[in-house]
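First the structure, in the form of structure tokens, and then the observations on it.
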Amino acid sequence: MAQRALVHGSIAVAAAFTLVSGLASLAAPAAHADSPSESVIPAALRDTPPADNVVFAGPGGFLHKQEGQTGYEWTTYAGSVNTPVNENLGVGVGKSGAGADVVATAVSDGIQLQDMDTGTTTLFTIPAGQTYLGTFGSRVVTTAPDTGDTGVSVHVLSQSNGQETDTTVTGMSGDTNVTVTALAGDANSVVLRQDGSSGSELGLLDLATARADIAFIIPSGHKVQALLSDTYVAMWDESSTQPVLNVLKRTEIYAPITQVPVPAPPLPSGYTATPRSFAIVGDSLLATFEVSHTGAIVTDDTVGYPLYSMPLSGSSLTPVLDHANMDEVDSGPGGAVVLGGTSVTDWAVRRVTADTDSTLAFNSVEPEPVIPSPIDGLSLAGGTLFTDERNSSPTVDGFTRSITLGGTAPSYGDHTAFGNVAVSSDCDAAATCVPPIGTGDGRISQLWKNGNGTGDLVTVQNGSADDVIEPGATGGTLIDSNGRYVVYDGGSTNKQYIGDTESANAGHVLFTRPITAAALSGSTLWVADPTEGSISQIGLATQKTVQTVATGAPCTPSELQASASRWVYWSCGNGGPSGVWDLTNGKDIPVPSAGLAQLGDGFLVEHDRAAGKLELTDFHTGTAVTSDLTALPAGPLTDDRRVTWAVDKYDGGIAYLDAQENIDVVDPHVPASAPAPAGGDSILTGQLLTPGRSVSSGSVTLTMQSDGNLVAYLKTGGSGAGAPLWASGTSGHPGAYAVMQTDGNLVVYAQGGGAGKGGALWASGTSGHPGAYATVQDDGNVVVYQGSQALWATGTWARQQTIGSGTVIKAGWWTQGTLTRLVMQPDGNLVMYRKRDGAAIWASGTSHHPGAYAEMQTDGNLVVYAAGGGPGKGGALWATGTSGHSGAYALMQDDGNFVVYRGGGGPGTGGALWASGTWQTAR
């Protein structure tokens with residue numbers, strides 16, 4: 001058995017850090033809430049301009065259908081008078097009319113022509129065997145199989161004095177197997193394409209004489225388009241990337257063809273342009289192009305590339321309209337109509353005419369209404385409003401705005417691109433709806449149903465960067481998200497998954513548990529217990545229960561929400577009782593159950609779908625007071641939280657959508673809760689450690705003393721404070737407090753000080769790490785973490801029981817065996833405490849030497865030196881006297897004896913050189 005040496009002398013135990021009892025409250029008196037104030041954020045505009053289908057243009061107006069309209073209307077150039085029209089003949093040149101202010105409509109007994117200038121109508125009966133081709137001016141053109149079905153005849157139907165005349169067109173080829181189509185036309189002429197066994201050709205049909213003259217021969221297999229203006233008829237091959245217009249004057253149909261090459265538009269390098277639409281106005285060509293390019297999307301890609309012009313005599317293309325719809329360039333008598341403008345807010349159907357000097361004039365004849373970007377989902381969290389928008393500008397679907405409360409009305413920041421969301425909200429139907437949940441730190445989380453083909457994913461996204469949590473389940477629901485943590489209920493596994501973006505576990509799953517109602521609060525999780533009305537708070541870092549609360553709920557809650565580290569909302573389900581537990585005052589506050597609710601700081605918002613309104617319940621004074629907030633009709637979704645309305649549980653704002661996609665932001669003017677006191681083993685973001693309060697683990701207590709000093713005490717047993725291990729050095733400031741700031745810094749402030757007010761006495765120096773928190777670990781170390789990254793620590797963790805040769809034992813160092821704890825105190829004393837009652841059963845007797853330390857020297861001697869002393873420098877205060885035994889080491893044994901052994905020795909093998917002799921008193 002190892003020898004137990006006796007150490008003579010008194011045992012001196014000094015604690016340099018005295019704990020003074022008392023509690024100073026930092027909470028301000030509760031204020032009365034003012035009436036809510038409101039600001040309206042105008043709807044963001046869709047990045048693509050409104051569409052408008054122009055069917056044809058006449059001399060006095062045009063037929064068209066705007067986006068969102070159910071029917072067509074005739075709009076005049078003068079005064080933009082709109083007349084609804086029952087157009088039902090479909091698409092195609094002349095189908096609904098061309099070249100005049102006449103609209104053709106199919107009726108039961110033929111084709112009705114309505115003169116939009118006079119309002120008169122004319123009925124044409126299509127002769128038996130003929131097929132309607134189109135209406136041109138006041139005439140109808142048809143086709144019919146020729147005698148013997150060897151070809152096709154074309155007919156011009158006209159009326160005079162109520163009599164209908166059918167004239168067969170002459171001048172067409174006598175080819176067999178002919179098809180005839182109309183490519184362009186006005187009230188006087190029609191450009192007809194004829195395809196037969198011997199080839200294809202374009203003819204210009206004179207409606208007055210019913211004679212067609214061949215204008216162009218079409219190369220075999222080519223797809224061509226025709227242009228018809230007041231002066232010219234032209235043809236171009238639309239399959240060519242560098243087309244050539246073949247141009248003739250209408251009065252000189254047999255003259256030589258003039259060829260007009262169309263150059264490429266002036267675009268940057270790397271851009272490719274394909275011709276899309278042409279029109280001739282006066283002696284000028286109008287042109288649009290379909291453009292593709294490499295690199296980032298630019299405004300022209302979504303609004304439209306320019307409308308270009310050039311003289312028919314040939315030249316380069318010049319932009320004449322900033323942006324144009326490339327498919328809406330329509331020739332008409334006296335000019336053309338185009339759809340375009342300078343931006344989505346300056347979009348219109350414009351009539352283009354030519355002055356006598358060939359200068360083009362643009363006249364807006366039908367301004368297009370701006371279209372708001374539809375919002376699929378929104379969240380309000382931590383003062384950041386996030387919206388998931390369809391077709392907004394720039395071309396992403398996620399946007400943010402900063403929201404600031406206070407003053408006469410809320411203020412808001414710029415509409416800022418967040419990036420493309422990992423999965424679109426798609427909230428047109430409940431089955432596909434995955435609204436965003438703000439995490440409070442500028443990020444959003446979303447459920448990605450079957451995101452990887454084998455299971456659901458949960459994304460936590462910040463702009464283009466995201467973390468993905470993979471529960472390994474399907475058919476699930478995203479319950480809550482807060483900072484780095486998410487709660488997901490797996491449908492296929494019937495498990496609740498707690499995800500942590502910083503976790504190194506597979507799929508970033510921190511742990512799983514049975515599915516119950518759950519809500520995140522900082523780095524803790526509130527869950528419903530099996531006992532009726534009971535809820536518990538679990539520390540996510542330790543997975544241990546922090547506290548259990550009996551709310552008095554007459555059920556096991558089916559939903560929980562938490563805010564401000566003070567309020568926990570519980571609900572017994574739709575229509576059932578609900579309430580809010582006040583953690584600060586330890587009481588339950590009954591609240592109405594008008595519908596699905598969202599919890600804020602001191603208030604609750606519910607959507608009463610039956611009444612079509614949002615209700616605000618203010619309970620911050622301890623009594624619930626409910627009032628109407630705004631009208632909000634019920635939509636197709638039963639749960640429209642974060643789809644049409646949202647509440648900021650972090651900063652206290654409210655947002656909802658109106659029918660025009662404007663966002664109303666409401667400041668309920670409910671005073672923010674005082675920062676919550678820290679509890680358990682951690683100081684979470686925003687929490688305070690006020691004078692007299694502590695957080696602790698099984699081995700160490702961190703106490704904010706009333707003298708202003710923040711001190712870590714070793715739990716030595718019994719009811720005393722224990723041995724001090726570390727201190728902030730801020731004594732002499734009564735009323736000082738510690739706070740875990742939202743920027744990640746743990747700070748001790750003088751009484752009355754704080755962030756933005758000064759008075760900082762000490763800080764961990766960990767700012768710039770939002771969401772960080774401080775925790776007292778079971779090993780005794782107090783650490784500030786952001787995620788899994790340790791940012792700062794007291795260095796007070798328990799060391800190994802074996803103290804090797806050459807080990808330096810500084811103030812705050814401690815180790816333990818089964819029965820005792822050995823600590824090098826800041827006062828210079830090396831002391832052994834008995835765990836069962838905290839009694840000091842051995843000490844080096846070197847107190848009153850702050851900064852003293854011990855060293856297990858390489859010569860075998862364990863020595864306590866004064867600060868600044870050391871081997872060869874003097875200052876020895878105490879020693880085991882075991883020099884001359886190189887390689888010797890010390891051991892804090894489980895039996896309570898502290899022993900120095902020679903190298904190679906140890907319990908059971910002998911070789912003890914010195915011992916504290918405490919193996920009996922340690923029990």
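All of the numbers you see were taken from the coordinates with simple rules; none came from a lab. Since we're looking at a predicted model, the values are computed, not measured. No Cβ is skipped: glycine too gets one built from the backbone with ideal geometry, and neighbour counts run over all protein chains shown.
Brief remarks follow.
- As computed over the stretch 375-667, the Cα convex hull volume per residue (Å³): 126
- The chain: relative contact order as a whole-number percent, Cα under 8 Å and 6+ apart: 9
- Loop-located trypsin sites (Lys or Arg not before Pro) across the stretch 779-852 with a Cβ neighbour count of 14 or fewer within 10 Å are Lys810, Arg836, with loop assigned by DSSP.
- With θ taken as phi - 60° and the Karplus curve 6.51 cos²θ - 1.76 cosθ + 1.60 applied, the whole-hertz 3J(HN,Hα) list for the stretch 488-500 is 10, 9, x, x, 7, 10, 6, 10, 9, 10, 9, x, 9 Hz, x standing for glycine and proline.
- For the stretch 99-220: rounded, prolate or oblate by the Cα gyration tensor [a/c cutoff 1.5]: prolate
- Looking at the stretch 234-334, the chymotrypsin sites (Phe, Trp or Tyr not before Pro) that sit in a DSSP loop and have at most 15 other Cβ atoms within 10 Å of their own Cβ are Tyr254.
- Sum of side-chain charges, Ser292 neighbourhood, beta-carbon under 13 Å (Lys, Arg +1; Asp, Glu -1): -2
- Net charge of neighbours whose Cβ lies under 13 Å from the Cβ of Thr408, counting Lys and Arg as +1 and Asp and Glu as -1: -3
- For the stretch 630-672 versus the stretch 428-504, the spacing of their alpha-carbon centroids is 22 Å.
- Exposure proxy order (Cβ contacts within 10 Å, fewest to most) of Cys555, Cys427: Cys555, Cys427
- Once the Cβ-Cβ distance of Phe511 and Ser402 is raised to the sixth power relative to R0 = 41 Å, the FRET efficiency obtained is 0.75.
- Whole-angstrom gap from the stretch 251-290 to the stretch 193-211, using each part's C-alpha centre: 24
- Once backbone amide H atoms are built at 1.01 Å from N, Thr807 has Met856 as its partners under 5 Å, excluding neighbours fewer than 5 places away on the same chain.
- Backbone phi angles across the stretch 424-434, fed through the Karplus curve with coefficients 6.51, -1.76 and 1.60 (θ = phi - 60°), yield HN-Hα couplings of 5, 4, 6, 9, 6, 9, 4, 5, 10, 6, 10 Hz in residue order; Gly and Pro are listed as x.
- Sites Ala465 and Asn88, calculated FRET efficiency, Cβ-Cβ separation with R0 45 Å, nearest 0.05: 0.30
- Leu133 long-range amide H proximity, modeled H, under 5 Å: Val141, Thr142, Thr143
- Calculated SAXS-style log₁₀ I(q)/I(0) at q = 0.16, 0.19, 0.21 Å⁻¹ - the stretch 802-915, Debye, Cα scatterers: -0.68, -0.96, -1.15
- Here the contact order of the stretch 99-220, divided by its residue count and restricted to Cα pairs under 8 Å and six or more residues apart, works out to 16 percent.
- Label-point separation in nm, Asn161 to Thr318, each point 7 Å along Cα→Cβ: 5.3
- Considering all different alpha carbon pairs of the stretch 759-819, the Kirkwood hydrodynamic radius works out to 13.7 Å.
- Sequence-distant contacts, meaning Cα pairs under 8 Å at least 6 residues apart, place the relative contact order of the stretch 51-170 at 14 percent.
- Global form of the stretch 682-793, assessed from the alpha-carbon gyration tensor, a/c cut-off 1.5: oblate
- Think of it as helices only: each DSSP H run of n ≥ 4 in the chain is worth -39500 (n - 2.57), and spread over all residues that comes to 0 deg cm²/dmol at 222 nm.
- 3J(HN,Hα) couplings calculated from phi for the stretch 680-685 with the Karplus curve 6.51 cos²θ - 1.76 cosθ + 1.60 (θ = phi - 60°) are, in sequence order, x, 10, 9, 10, 7, 3 Hz; Gly and Pro show x.
- The chain shape via C-alpha gyration tensor axes, a/c threshold 1.5: prolate
- Between amide H atoms placed 1.01 Å from N, distances below 5 Å from Thr630 occur with Leu614, all of them 5 or more places distant or on a separate chain.
- Long-range tail of P(r) for the stretch 260-382 (Cα pairs > 23 Å, %): 36
- Cut-off 10 Å between beta-carbons: net charge of the residues surrounding Asp52, Lys and Arg +1, Asp and Glu -1: -3
- Anchor Lys544: lysines whose Cα lies under 28 Å away (excluding residues fewer than 8 positions away in-chain): Lys495, Lys587, Lys649, Lys715, Lys835
- Whole-number D in µm² s⁻¹ for the stretch 477-536, Kirkwood Cα-pair radius fed into Stokes-Einstein, 25 °C, 0.890 mPa s: 207
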